[in-house]
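Some notes on the structure that comes next.
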Amino acid sequence: MQLDELYRRVIMDHYKNPRNRGTMDEDSVTVNLNNPTCGDRIQLQLRVEDGVVKQAKYTGEGCSISMSSASMMTDAIRGKTLDEALGLAEKFSALMQGQPVEFEEYEDLEALSGVSKFPARIKCATLAWNALRKGIEAGRQG
Ligand code: FES
Ligand code: FES
C-alpha cells in the first residue's frame, strides 16, 4: 500500500518503538479482541480512576498498522475522561471514513488517514479502537 512518506515514518516509529506496550497488574478493565479477517489479536488494559484513564497498556500480535494504531491510541487516551476517550474513538472512525479530521490532542493519529483508502487495512487500524470502545463500556459499569 502507498502511504505518504512522512506518515509511513510515523507509523513505523510507533511499530518499532511502541508506546505503552506491555501489561499491568493494577488494571480496572481488560479487553481481548481479535481481527476476524486475519486472526491477529490485541489485549488492552485500562486503569480508570474517577472516570479518567490513568494508564493504558496493550499487547498482541498484528501487522504494523494494527500495532502502531494501538501504540498511538494508548498514548492519546491517557489522562482523558472516558467521554473524551470515546470522543477520540468517534473522531478516529471519521478519519477511517476518509473525512478530514485533525487531532490537535495527538497529531500522530493523522498518519493513519491514508489507511481509509484500503478497506482491508481499516480493520487493522480500528482493532485497538474497537477494544477501547469495549473497555469504555466495561469501565462505566465498574
Ligand atoms: Fe500494509 Fe500490513 S501494514 S499490509
Ligand atoms: Fe491482522 Fe492487520 S493484518 S491486524
_Gly60 long-range amide H proximity, modeled H, under 5 Å_ = Gln43
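I need the shape label for region 81-142. Rule: rounded when a/c is under 1.5, else prolate if a/b > b/c, else oblate, with a, b, c from the alpha carbon gyration tensor.
Working: a/c = 2.74, a/b = 1.55, b/c = 1.77.
Because a/c hits 1.5 or more and a/b fails to exceed b/c, region 81-142 counts as oblate.
Once every DSSP H run of n ≥ 4 in the chain is given -39500 (n - 2.57) and the sum is divided by its residues, what mean residue ellipticity at 222 nm do you get, rounded to the nearest 500 deg cm²/dmol? Don't skip to the answer; put the middle values down first.
Working: 4 runs with 64 residues, N = 142.
That calculation yields -15000 deg cm²/dmol at 222 nm.
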*Angle between the Cα long axis of helix 5-16 and the longest principal axis of the chain, 0 to 90 degrees, nearest 10?*
40 degrees
*Nearest-ten-degree value, helix 82-96 long axis tilted from longest Cα axis of the chain*: 20 degrees
_Scattering profile of the chain at q = 0.11, 0.13, 0.18 Å⁻¹ [log10 I(q)/I(0), Debye over alpha-carbon scatterers]_ = -0.35, -0.49, -0.97
*asked:* Quick check: the angle from helix 64-77's long axis to the longest principal axis of the chain, C-alpha only, nearest 10 degrees?
replied: 50 degrees
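Report the longest stretch of the chain that contains none of the GluC sites (Glu not before Pro) sitting in a DSSP loop with at most 12 other Cβ atoms within 10 Å.
Working: sites that count: Glu26, Glu102, Glu104.
Longest stretch, sites excluded: 27-101.
Laboratory data are not the source of any read-out in this text; all were calculated from the coordinates shown. Every value quoted in this text rests on a predicted model; they were computed, and no experiment measured them. Note that we place each Cβ from the backbone using ideal geometry, even for glycine, and neighbour counts take in every protein chain shown.
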